[in-house]
Amino acid sequence: MTVEIRDVITPGNEGAFTIGSSEQATSLRELPDSARKLLDEPVTACLATMSPLGRAQLTPVWCATDGDVLYLNSGKDRHKDRNLRARPQVTLMLMNPENPYHWLTFYGRVTDVIDEDDPERGHLATESIDDLSEKYLGQRPYPFRDEGEIRVRYTVQPEKVVTFGPVGG
């Protein structure tokens, strides 16, 4: 895996709002600490998918990483589920809730979809939503299931990552 990591120069510096550095990385573990913090902490992300009409559909989501890929989870047959299956390109933005000028954006594509009712791998979708619930709510298992709901785990392969904000913060 190769990921392009770009850092945008912050306001007040020469060249503000332009690309300051661009490098190739083999892992999300190579992100700067301040960007990695947004990914590791329970920061709600904004997921952009494309609708059948070519319009962006934006949704708040929880996300996790194993250091190489991102994991998302949703209920089967929701708008984002249908969009992700039909058009796997995604953009995911995590914004620091304490500083909107500190953010992290991933451009990538869904490379794997696991439905919870899959007899061989479905447990991964269940474990995924429970892991996310523990990260974001401090509760396990996930407490907000709808009756009859089938959860879905999506694996997102990042292709480009853009960081913005203080290196130390």
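Only the coordinates and a few stated rules stand behind these numbers; no lab work does. All values reported here derive from a predicted model rather than from experimental measurement. A quick note on method: Cβ atoms are made from the backbone with ideal geometry, for glycine too, and the neighbour counts reach across all protein chains shown.
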*asked:* How tilted is helix 122-137 with respect to the longest principal axis of the chain? Cα atoms for both, answer in degrees (0 to 90, nearest 10).
replied: 50
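With contacts defined as alpha carbon pairs under 8 Å and 6 or more residues apart, what's the relative contact order of the chain in percent? Can you show the working numbers first?
Numbers: 365 pairs, mean separation 46.3, N = 169.
Across the chain, relative contact order equals 27 percent.
Quick check: residue separation of E159 and D115 times 0.36 nm, minus the Cα distance between them. What number comes out in nm?
Values: separation 44, 0.36 × 44 = 15.84 nm, distance 2.40 nm.
My answer for the length gained is 13.4 nm.
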*As a check on your grasp of the helix formula, calculate [θ] at 222 nm for the chain: sum -39500 (n - 2.57) over DSSP H runs of n ≥ 4, divide by the residue count, round to the nearest 500.*
-5500 deg cm²/dmol
*GNM flexibility winner over the chain from N96, N13, N73 (Cα, springs under 10 Å)*: N13
*Förster radius 30 Å - calculated FRET efficiency between E98 and K76 (Cβ-Cβ, nearest 0.05)*: 0.30
_Among V43, T126, P141 - extreme Cα towards positive end, dipole of the chain, charges at beta-carbon_ = V43
*Can you give the percent of C-alpha pairs in segment 17-169 whose distance is more than 19 Å?*
54
_With just the Cα atoms defining each centre, how far is segment 124-157 from segment 38-116? Give it in Å._
14
_Modelled FRET efficiency - R0 35 Å, E4 with E134, Cβ distances, 0.05 increments_ = 0.65
*asked:* When a/c reaches 1.5 or more, the comparison of a/b and b/c decides; with that in mind, is segment 62-149 rounded, prolate or oblate per its Cα gyration tensor?
replied: oblate
_So, R0 is 45 Å and r is the distance between the beta-carbons of R29 and H123; what FRET efficiency does that work out to, to 0.05?_
0.95
*Name the aspartates and glutamates eligible as straight-distance cross-link partners of K160: C-alpha to C-alpha under 19 Å, and not fewer than 8 places from it in the same chain.*
E4, D7, E23, E30, D33, D40, D66, D68, D112
